[in-house]
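Trainee: There's a structure below that I have some questions on.
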Amino acid sequence: MRSFVGANWKMNGSGVEGLAYLERLKDSDVESEPVDVVLFAPFTLLPVLAEDAREAGISLGAQDLYWQDRGAFTGEISTSMLLEAGCSWVIVGHSERRNLFGEDDELVRLKLIAALRAGLRAVLCVGELLEEREAGRTEEVVKGQVLRALEGLEEADPDRVVLAYEPVWAIGTGRNATPDEAARMHGLIRSWLSDMIGEMGAKDTRIIYGGSVNPENAPDLMTREGIDGALVGGASLGASSFLQIIRSCCHHHEH
Ligand code: PGA
């Protein structure tokens, strides 16, 4: 399978910076690398960056969406608005949405369904909090998130949904799961997926890791069995570190 690398800019960046960044990606011929690269930019930058992203051979994604099509939802954004802005991917259930903005599993599921029905592809994020890990509840928490988002969802085919395992204590903290621990969780997530969508679908679904991925730790993480790419926050803000991470993902082995 092709690996997947996402740059999650969160609430960072500007149009000028974004265009310069895409120029770097284009000059580095990212397009020819055997990896799907997606830039998850703030909403207002999507139309600004759309054309240059296409020229650089990468896709554009949004960091969130709302599940209703239109109406009185001040501050929210719909799938058709995202499509019109030139984006083809969206992140659903990022831990910052869940923990800072109170999104629960039900809302995450509604967003995922809306995204897929509209023809967007989605990165579904799951991951445990530090206190959940310390209480020995990691597997139960992550399994619950995966099941409640995906169970019975016919649209959830491997081409259109990427799962991101992002232990919350590793996000933006400089701490990351050891490659062994990440690989173990990826194996478990794949086995739960297999119970839901069958072995074939689970085998073809990309499960990527996120949480303080950087050019130094990416090579080890990305060569582990079952880690099919990365969702990168802080280290994706600079083109050169993001490019190094993309290259590590290109050496991802087949399984
Ligand atoms: P980080 O963010 O790489 O800065 O830890 C990852 C994420 O939140 O997706």
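Trainee: Placing +1 on the Cβ of each Lys and Arg and -1 on the Cβ of each Asp and Glu in the chain, which of 245, 223, 63 has its Cα farthest towards the positive end of the resulting dipole?
Mentor: About the Cα centre, the residue reaching furthest to the positive side is 63.
Trainee: Give me the accessible area per residue for the chain, probe 1.4 Å, as a whole number in Å². Present the calculation step by step, with values, prior to reporting the outcome.
Mentor: Working: 11130 Å² over 255 residues.
I get 44 Å² per residue for this part.
Trainee: How many nm separate the modelled label positions at residue 147 and residue 199, each set 7 Å beyond the Cα in the direction of the Cβ?
Mentor: 2.2
Trainee: Report the gain in length on full extension from residue 74 to residue 12: 0.36 nm times residue separation, minus Cα-Cα distance, nm rounded to one decimal.
Mentor: Working: separation 62, 0.36 × 62 = 22.32 nm, distance 2.21 nm.
That pair, residue 74 and residue 12, stretches by 20.1 nm at full extension.
Trainee: Another question, then. Do the sum for the chain: with -39,500 (n - 2.57) for every DSSP H run of n ≥ 4, divided by all residues, what is the mean residue ellipticity at 222 nm, to the nearest 500 deg cm²/dmol?
Mentor: Details: 11 runs with 109 residues, N = 255.
The helix contribution divided over the chain gives -12500 deg cm²/dmol.
Trainee: Let me have the relative contact order for the range 1-156, percent, based on Cα pairs under 8 Å that are six or more residues apart.
Mentor: Numbers: 233 pairs, mean separation 27.8, N = 156.
Relative contact order comes out at 18 percent.
Trainee: Oh, and also: May I ask you to give the percent of accessible area on the range 3-254 that is carbon plus sulfur, with a probe radius of 1.4 Å? Walk me through the numbers on the way to the answer.
Mentor: On the way: 5400 of 10890 Å².
Ligands and nucleic acids excluded, carbon and sulfur give 50 percent.
Trainee: What is the ratio of the Cα radius of gyration of the chain to 2.2 N^0.38 Å, with N the residue count, to two decimals? It would help to have the intermediate numbers written out before the result.
Mentor: Values: Rg = 16.8 Å, N = 255, 2.2 N^0.38 = 18.1 Å.
Ratio of Rg to 2.2 N^0.38 Å for the chain: 0.93.
Trainee: Let me know the longest stretch in the chain that avoids all trypsin sites (Lys or Arg not before Pro) found in a DSSP loop with at most 15 other C-beta atoms within 10 Å. Please report the intermediate quantities before stating the final value.
Mentor: Values: sites that count: 2, 70, 137, 160, 175.
It runs 176-255.
Trainee: Please give, to one decimal in nm, the separation of the simple spin-label points placed at residue 20 and residue 106, each 7 Å out from Cα toward the Cβ.
Mentor: Label at residue 20, label at residue 106, 4.6 nm between them.
Trainee: Dipole of the range 3-254, Cα-centred, from +1 at each Lys and Arg C-beta and -1 at each Asp and Glu C-beta, to the nearest 20 debye?
Mentor: 240
Trainee: Can you give the direction-averaged projected area of the convex hull of the alpha-carbon atoms in the range 82-225, in nm²? Write out the running numbers ahead of the final one.
Mentor: On the way: hull surface 35.4 nm².
About 8.8 nm², averaged over all directions.
Trainee: For the chain, which DSSP H helices look membrane-span-like by this rule: Cα extent along the axis of 24 Å or more and mean Kyte-Doolittle of at least -0.5?
Mentor: Numbers: long enough: 179-197 (26 Å, -0.17).
Within the chain the helices that satisfy the rule are 179-197.
Trainee: What are the lysines whose alpha-carbon lies under 27 Å from the alpha-carbon of residue 143, with same-chain residues fewer than 8 places away excluded?
Mentor: Filter leaves 10, 111, 203.
The values are calculated or read from the model by the stated rules, or taken from the named source; none is laboratory data. No experiment lies behind these values; they were computed from the predicted model shown. Glycine also receives a Cβ, built like all others from the backbone with ideal geometry; neighbour counts cover every protein chain displayed. Accessible surface is based on the protein model in full, side chains and every heavy atom, while ligands, DNA and RNA are left aside. Shrake-Rupley method; radii C 1.70, N 1.55, O 1.52, S 1.80 Å.
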